[in-house]
1. Starting from 0.36 nm per residue, how many nanometres of slack lie between residue 289 and residue 97 once their C-alpha separation is accounted for?
2. Kindly provide the Kirkwood hydrodynamic radius of segment 1-43 in Å, to one decimal, from all pairs of distinct alpha carbon atoms.
3. What is the distance, in nm, between label points placed 7 Å from the Cα along the Cα-to-Cβ direction at residue 111 and at residue 25?
4. When the chain is modelled as a GNM with alpha-carbon springs shorter than 10 Å, which of 87, 141, 111 fluctuates the most?
5. Using only the alpha carbons of segment 1-140, what is the convex hull's orientation-averaged projected area in square nanometres?
6. Above 32 angstrom, tally the Cα pairs of the chain and express them as a % of all pairs, no decimals.
7. Test of understanding: what is the full-extension gain from residue 87 to residue 55, defined as 0.36 nm times their sequence separation minus their Cα-Cα distance?
8. Would you mind checking the radius of gyration and Dmax of segment 70-175 based on alpha-carbon positions, in Å?
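The values are calculated or read from the model by the stated rules, or taken from the named source; none is laboratory data. Everything quoted here is computed from the prediction, not taken from an experiment. Neighbour counts run over all protein chains shown; Cβ positions are idealised from the backbone, glycine included. For the accessible areas, the whole protein counts, side chains as well, though only heavy atoms, and no ligand, DNA or RNA atoms are used. Shrake-Rupley method; radii C 1.70, N 1.55, O 1.52, S 1.80 Å.
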Amino acid sequence: MGPLLFIIYINALPRIIQNSSVFLFADDCKLHISYKRGAPTDLLQKDLDRIFRWSESMQLQLALNKCSVLHLGKRQLSQKITYELGQVQLENTDVMRDLGVMVDSELKFSQHCSTTVKKASMRMNCIFRSFENRDTQFLLQMFKTYVRPTLEYASACWSPYLVKDIKLVESVQRSFTKRIPEVAQLKLGYIDRLKFLNLERLDCRRLQQDLILTYKLLYGYLDVDPNLILLFHPQAYSRYVGPLIAKNVLRLRKPNFKLDSRKNFFGIRVVDPWNDLPNVIKLSKSLKEFKSKLMGTATGQKVDMSPFLKSII
C-alpha cells in the first residue's frame, strides 16, 4: 500500500512543471529540456525552483546528493550552464544511470557495455564455481536464464555501434561457450561453437529484438505513438496491392542525420532491416506469428540478419 500512496502523493508534481518535459518512475523524477540557439537558458532552473518549493510545501525531502545534470549536445554551450536545487549546485556528470542503463553524454553507451559485461561475467563465473555439473544442456540453460538476460536488458536503448563495444558484449558468450567441456574438446571456432550449441550471436539477437519492438509499436501492443519514434513511407498504409505499392507495405524511411549516435538511434537503425523483411512477415496477424516467422520456428528457416551485422571475427 505504501508505494501506491506515494504515487498518489506526488501525482500533482508534473502539473507544476511549465518549461520542461517530466518523467516519473517510482521515486525518480527526470526533467528534460531542449535549448535552441538564442533561447533563454534559465527555463530549466525555473522548473527546478518550482520543484524545490513544491517539495517544501509537501514536506517531502529531496535526495540532493542523488541529483545531477547530464548535458547532451554541444559541449561549448553546456559547460557554461549550471543549475541549483535549493541552495545546492547540481553536479554536472558525463554518465548517468537511468532505469538500469548507463547513459553517457555522447550516447555511445560504452560505459554501459563495460558495466553490463562485468556483471554478466560475474554471473557466468559464479555458475562454474557453484555447480559441479558440466552437462552441456544444463550449462546452456543456466546461461540463457542468468547471464544472457543481463546482456540483453533494454538493448533497444543502448545497442552498441562501435565494433569494440560489440566485441566486448559478445566476449561473454564467446568465453562461456569455450568453457563448456564437451565443446572445448572439439576445438571449434566461435561461429562453429554457436552452430553446435544452436545459439546466435548476441548482436543478431539484439537486431531481432529491435524488429520485434518495431512490430509492437506498429500494431499497437505498446501505449506509445509510433510516429514519435518511426517515420513512415508516404505510401506505407496504401490498401492497393499492385506491384508498385505492395513493396511499400508498412515501409519506413530515415530522417536526415549527421552524427553516428543519431544514426544508431533505434528509430533509424531499424529502418533497413525492417524494410528488408518480406511482407508475409510484416503483415503477421499476431506477435506470436511474427516471432515464429522471424525466428524460423515455424518454417525451420530463419531470416538472414547477416547483411546488417558488423564483422566481429
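1. Details: separation 192, 0.36 × 192 = 69.12 nm, distance 3.53 nm.
Result: 65.6 nm gained on full extension.
2. On the way: mean 1/r = 0.0826 Å⁻¹.
The answer is 12.1 Å.
3. Distance between the two pseudo-spin positions: 1.7 nm.
4. Between 87, 141, 111, it is 87 that shows the largest mean-square fluctuation.
5. 12.6 nm²
6. Details: 21621 of 48828 pairs.
Considering the chain, 44 percent of its Cα-Cα pairs are separated by more than 32 Å.
7. On the way: separation 32, 0.36 × 32 = 11.52 nm, distance 1.38 nm.
Between residue 87 and residue 55, full extension yields 10.1 nm more.
8. Both quantities, over Cα of segment 70-175: 18.3, 60 Å.
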